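Scroll down for the structure; my scribbles are underneath it.
The values are calculated or read from the model by the stated rules, or taken from the named source; none is laboratory data. The structure presented is a predicted model; accordingly, all values stated were derived computationally and were not measured. Counting neighbours? That spans all protein chains shown, and the Cβs are built from the backbone with ideal geometry, glycine included.
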Amino acid sequence: MEEKNLAFGRINYILIAVSVFLIILGFVLMTGSGTTEQSGFNPDIFSKTRIVFAPVISLFGFLLVIVGVVYKKKEK
């Protein structure tokens, strides 16, 4: 089979797909109910998942996008 001259290789596309998944996962983990509800104040807005883990996961996803775009397979 003929090898096409594409902008990215297979590994690049895999890295970009994984990074998009991580970004979406981070944003989903940040979502939730607001600070005020019918029953009063909701302290879940200050959970570690929302303010620590989710932004770190999203940041890692954004950094992995850069790696996926810049990565070049070593030629033999």
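Odds and ends about this structure:
- Selection status of residue 22, at pLDDT below 95 and not charged (D, E, K, R): no
- Filtered residues of the stretch 1-17 (kept if surrounded by 14 or more Cβ atoms within 10 Å (Cβ to Cβ) and among the hydrophobic types (A, V, I, L, M, F, W, C)): 8, 15, 16
- The residue that is surrounded by the most Cβ atoms within 10 Å (Cβ to Cβ), counting only those in the stretch 40-62 that are polar (S, T, N, Q) and either part of a helix (DSSP H, G or I) or in contact (Cβ under 8 Å) with a residue 60 or more places away in the chain (or both), is 58.
- Residue-level check: of (1) β-branched (Val, Ile, Thr); (2) surrounded by fewer than 14 Cβ atoms within 10 Å (Cβ to Cβ); (3) touching a Leu at 6+ places or on another chain (Cβ under 9 Å), residue 70 misses just (3).
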